[in-house]
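What follows is a single structure, written as structure tokens, with notes after it.
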Amino acid sequence: MVSIDVHDASVNFPIFDAKTRSLKKAVLGTVGRAGGTIGTDSKVPIIEALRDINLSLRHGDRVGLVGHNGAGKSTLLRLLAGIYEPTRGSAHVSGRVAPIFDLGVGLDPEISGYENIIIRGLFLGMGRKQMEARAEEIGEFTELGDYLSMPLRTYSTGMRVRLALGVVTSLDPEILLLDEGIGAVDAEFMERARERLHELVRRSGLLVFASHSDAFLIELCDTAIWMDKGHIREEGALRTVLHHYRGKDPFANLSQEAMNRIGSPAGPTAGQAS
Amino acid sequence: MQDTVSEARGEAAAPALPVAHSRSFRRAIDDLVAGWKQRYLWGHLGWQDIKQGYRRSTLGPLWITISMAVTAVALGILYSALFQKELSEFLPHVAVGLIVWQVIAGCVNQGANVFIRNDGLIKHLPAPLSVHVYRLVWHQLLLFGHNLAVWALLMVVFPRPLGWEVLLAIPALALLLLNGVWFTLVIGIIATRFRDIPPLTGSIVQLMFFMTPIVWVYEDFLNNPDVAARARLAELNPFMHFLQIVRQPMIGEDIELRYWVIAVSITVIGWAMALLVLRNYRSRVPYWV
């Protein structure tokens with residue numbers, strides 16, 4: 001069963017500057033403390049990136065993360081991916097996790113798109129044979145055609161997003177974590193990606209998506225979490241949270257056609273709170 | 001894809017434990033095992049690392065072999081003249097010494113940067129830390145493989161009475177690589193926290209090159225009463241024991257059990273230390289890189 005349970009989790013980053021991040025300082029610092037005189041500078045400043053996060057997500061949840069820059073959206077995604085283990089509290093994530101954070105990472109510009117598909121899959125825990133079997137289908141989804149045999153450095157940002165999305169969605173992940181940056185694709189591709197993501201979430205999993213774009217959030221999510229200074233300020237239906245965050249109703253200007261497409265009832269409290 | 005559980009796996013009944021089982025030997029061993037299972041990944045990346053340096057060059061990775069051959073021959077000629085040794089005896093000694101040393105130096109020097117250099121991957125993709133370590137040690141083994149051509153050539157030019165003992169080089173190399181893994185883990189984690197370590201290892205490796213019997217012969221110094229006492233200090237050099245166990249069978253020297261005993265002891269102690277470091281600081285590495 002796919003689930004995310006985060007309990008009172010905090011993520012604190014020690015900030016070692018050039019001076020404190022050295023062996024000499026640590027050694028001398030200890031000596032200083034023993035002597036009881038020096039050692040006031042041995043304290044490492046700490047950034048509380050996340051504090052007291054409580055979160056429980058289940059199968060079928062499509063959660064948008066909103067908040068200002070530095071509010072902790074990306075850190076929360078990495079906590080959910082298991083990259084940062086909480087410094088306090090706990091985070092239980094069960095299910096196969098597939099993240100798309102920075103699109104430049106884990107993609108080698110010198111090798112072909114096809115090889116990158118394989119490597120990306122290997123990084124996410126797939127076997128080589130499994131990836132080779134899927135590569136063609138991924139290639140079809142990305143519509144990159146002959147470009148797949150070209151080195152990745154010849155790709156535009158949008159093409160890279162297509163590749164990354166293609167890989168991740170083909171892996172049958174149970175937990176999809178998307179950071180902003182996937183906005184670089186064109187509308188027509190976004191439409192197909194949306195269908196595929198919805199299908200994935202329906203079948204097996206849940207989606208957490210951090211973005212500044214209301215349009216993308218509306219397309220992909222039905223609930224939202226508003227992050228502010230490292231903690232959860234509000235959690236609930238996407239429309240309600242976005243309304244409070246933006247100060248205006250983002251659904252107000254949507255055409256009827258768009259409303260039908262995202263399948264959202266018009267009421268402001270639509271969608272289920274997670 | 002593996003389950004990612006940032007606390008104890010499957011112990012959902014106790015979610016509120018403060019800083020719970022993040023620091024456990026089980027998680028440390030899980031990391032090593034999960035990394036090993038992804039050997040397709042690091043196997044591929046290790047090859048990529050070899051090709052990376054020689055992209056678009058005509059000779060490609062053959063350059064690895066060529067530069068080793070040039071260095072070995074040059075140093076062999078120079079030091080055989082200095083120590084007045086027979087070149088046919090001395091050149092294989094120097095060449096194999098250099099080839100083995102390159103594995104050691106690679107693990108120490110690049111080991112210090114193993115996590116620092118992969119910071120992007122560590123922060124963006126959930127993968128076991130050990131993947132990066134295996135990749136590095138595998139890369140060193142591939143380099144060693146390329147350099148074996150130099151050894152084979154020397155054995156043809158300066159034939160030696162090689163018997164079945166030559167096969168002992170295989171377990172010896174395996175032991176060396178096993179030590180490469182624990183050492184890379186430990187130095188990698190420490191260096192990620194303390195950024196003075198990478199330049200420090202650089203200068204230590206350079207110094208140790210001369211303290212290890214690569215361009216000189218340990219037994220010669222022992223037989224010389226003037227320097228024998230000082231030469232014995234080389235026994236304190238852990239690198240020498242590993243060099244000896246690999247080199248002796250490769251150039252048909254007598255196998256000395258003593259070196260094996262010490263090398264195996266270092267392996268056991270080193271791995272115990274590595275597990276402890278991995279247990280305590282594994283989860284901190286993404287915070288430090």
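Do we find that A:PRO173 is assigned to a loop (DSSP other than H, G, I, E, B), within 13 Å of chain B (Cβ to nearest Cβ) and loosely packed, with under 14 Cβ neighbours inside 10 Å in this structure?
Details: assigned to a loop (DSSP other than H, G, I, E, B): yes; within 13 Å of chain B (Cβ to nearest Cβ): yes; loosely packed, with under 14 Cβ neighbours inside 10 Å: no.
No.
The one condition from (1) in contact (Cβ under 8 Å) with a residue 12 or more places away in the chain; (2) surrounded by fewer than 19 Cβ atoms within 10 Å (Cβ to Cβ) that B:LEU82 does not meet is (1).
Sort out which residues of segment B:221-239 are surrounded by fewer than 21 Cβ atoms within 10 Å (Cβ to Cβ), within 26 Å of B:ARG160 (Cβ to Cβ) and of a type in the set (A, V, I, L, M, F, W, C), and write them in order of number. Matches in segment B:221-239: B:PHE221, B:LEU222, B:ALA231, B:ALA234.
Considering only segment B:88-173, give the helices (runs of 4 or more DSSP H) lying wholly within it that have at least 3 residues that are not β-branched (Val, Ile, Thr). Talk me through it step by step, then tell me what you get.
Details: elements: B:114-117, B:119-124, B:130-157.
Result: B:119-124, B:130-157.
Yes or no, residue by residue, for (1) exposed (fewer than 13 other Cβ atoms within 10 Å of the Cβ); (2) at pLDDT 95 or above; (3) not β-branched (Val, Ile, Thr):
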{"residue": "B:VAL157", "(1), (2), (3)": "yes, no, no"}
{"residue": "B:PRO171", "(1), (2), (3)": "no, yes, yes"}
{"residue": "B:LEU177", "(1), (2), (3)": "no, yes, yes"}
{"residue": "B:VAL215", "(1), (2), (3)": "no, no, no"}
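Where helices (runs of 4 or more DSSP H) fall entirely within segment B:200-289, those with at least 3 residues that are more than 24 Å from B:LYS85 (Cα to Cα) and either touching a His at 6+ places or on another chain (Cβ under 8 Å) or within 14 Å of chain A (Cβ to nearest Cβ) (or both) are at B:257-281, B:285-288. The residue of segment A:241-273 that is nearest to the chain's Cα centre (by Cα), among those that are of a type in the set (A, V, I, L, M), assigned to a loop (DSSP other than H, G, I, E, B) and modelled with pLDDT under 70, is A:ALA273.
Does segment A:105-118 include one or more residues that are aliphatic (A, V, I, L, M) and more than 9 Å from every other protein chain (Cβ to nearest Cβ)? Break it down stepwise before answering.
Residues of segment A:105-118 aliphatic (A, V, I, L, M): A:105, A:107, A:111, A:117-118.
Next, from what is left, pick out any that are more than 9 Å from every other protein chain (Cβ to nearest Cβ): A:107, A:117.
Yes, that holds for at least one residue.
How many of the residues making up segment A:129-145 are without any contact (Cβ under 8 Å) to a residue 24 or more places away in the chain and of a type in the set (A, V, I, L, M, F, W, C)? Write out each step before concluding.
First pass over segment A:129-145, keeping only residues without any contact (Cβ under 8 Å) to a residue 24 or more places away in the chain: A:129-133, A:135-136, A:140, A:145.
Applying the additional criterion that residues be of a type in the set (A, V, I, L, M, F, W, C) yields A:131, A:133, A:135.
Matching residues across segment A:129-145 total 3.
Of the residues A:LEU165, A:LEU177, the single one that is touching a residue at least 40 places away in the same chain (Cβ under 8 Å), in contact with a strand residue (DSSP E or B) (Cβ under 6 Å, 6 or more places away or on another chain), not assigned by TED's automatic domain parsing to the domain that holds A:LEU77 and not aromatic (Phe, Trp, Tyr) is A:LEU177. Looking at A:PRO99, is it touching a Lys or Arg at 6+ places or on another chain (Cβ under 9 Å) and at pLDDT below 90? In short, yes.
Taking the numbered list (1) touching a residue at least 12 places away in the same chain (Cβ under 8 Å); (2) part of a helix (DSSP H, G or I); (3) within 14 Å of chain A (Cβ to nearest Cβ); (4) of a type in the set (A, V, I, L, M) in turn, B:ILE77 passes all entries but (3).
Restrict the check to segment B:85-95 and report whether at least one residue is among the small types (Gly, Ala, Ser), modelled with pLDDT of 95 or more, surrounded by 19 or more Cβ atoms within 10 Å (Cβ to Cβ) and farther than 30 Å from B:ARG284 by Cα. Yes: segment B:85-95 contains one or more residues that are among the small types (Gly, Ala, Ser), modelled with pLDDT of 95 or more, surrounded by 19 or more Cβ atoms within 10 Å (Cβ to Cβ) and farther than 30 Å from B:ARG284 by Cα.
For segment B:209-235, a tally of residues being within 22 Å of B:ALA112 (Cα to Cα) and without any contact (Cβ under 8 Å) to a residue 40 or more places away in the chain returns 2.
Residues in segment A:83-128 that are among the aliphatic types (A, V, I, L, M) and free of Cβ contacts under 8 Å to residues at least 40 places away in the same chain were compared, and the one that is surrounded by the fewest Cβ atoms within 10 Å (Cβ to Cβ) is A:VAL105.
Quick one: count up the residues across segment B:265-279 that are surrounded by fewer than 13 Cβ atoms within 10 Å (Cβ to Cβ) and aliphatic (A, V, I, L, M). Quick ask: steps written out before the conclusion?
Our first condition is that a residue be surrounded by fewer than 13 Cβ atoms within 10 Å (Cβ to Cβ); within segment B:265-279, this holds for B:265, B:268-269, B:272.
Right, trim to aliphatic (A, V, I, L, M) and you get B:268-269, B:272.
Number satisfying all stated conditions: 3.
Any idea how many residues of segment B:23-48 are hydroxyl-bearing (Ser, Thr, Tyr) and either more than 11 Å from chain A (Cβ to nearest Cβ) or part of a loop (DSSP other than H, G, I, E, B) (or both)? Explain how you work it out, then say what you get.
Within segment B:23-48, the first condition is being hydroxyl-bearing (Ser, Thr, Tyr), and the residues that meet it are B:24, B:40.
Now drop any that are not either more than 11 Å from chain A (Cβ to nearest Cβ) or part of a loop (DSSP other than H, G, I, E, B) (or both), which leaves B:24.
Total satisfying the criteria: 1.
The values are calculated or read from the model by the stated rules, or taken from the named source; none is laboratory data. Bear in mind the structure is a predicted one, so any value in this text is a computation, not a measurement. Positions of Cβ are generated from backbone atoms using ideal geometry, with glycine treated the same way; all protein chains shown enter the neighbour counts.
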